[in-house]
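Working notes, beginning with the structure itself.
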Amino acid sequence: MLRHKGVIDAVAYPKDEKAVFEAAKMFLQVEGFLVAPESVYAVRAAIDEALNAKKKNEEKVVAFNISGMGYLDFKGYREALTDLA
């Protein structure tokens, strides 16, 4: 309904997910919280929105939802994050 009303918009990221997992790594380094892989898409979108607002010199509040942490998927997650180094 929010998308239909024009309040929010959908975003798609490349299949390789590199940009998404780069956001996970950045969020972990800055905030100290490992976000669940599903929630990293929201983190990436929030970062992109903030960077876009900065580029346009707009003051903007960016809210996003994190629904879990990545410690349950730590082994696979570590492999994905290590590949970014």
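The values are calculated or read from the model by the stated rules, or taken from the named source; none is laboratory data. This one's a predicted model, so the numbers in the text were calculated from it and none came from an experiment. Don't worry about glycine lacking a Cβ; one is built from the backbone with ideal geometry, like all the others, and counts go over all protein chains shown.
Within the range 27-37, the residues that satisfy the criterion of being exposed (fewer than 15 other Cβ atoms within 10 Å of the Cβ) and not polar (S, T, N, Q) are VAL30, GLU31, GLY32, PHE33.
Looking across the range 12-33 at every residue that is within 11 Å of the chain's Cα centre (by Cα) and assigned to a loop (DSSP other than H, G, I, E, B), the one that is farthest from PHE64 (Cα to Cα) is identified as GLU17.
Scanning the range 15-34 for residues that are of a type outside the set (Asp, Glu) and modelled with pLDDT under 85 gives LYS15, PHE33, LEU34.
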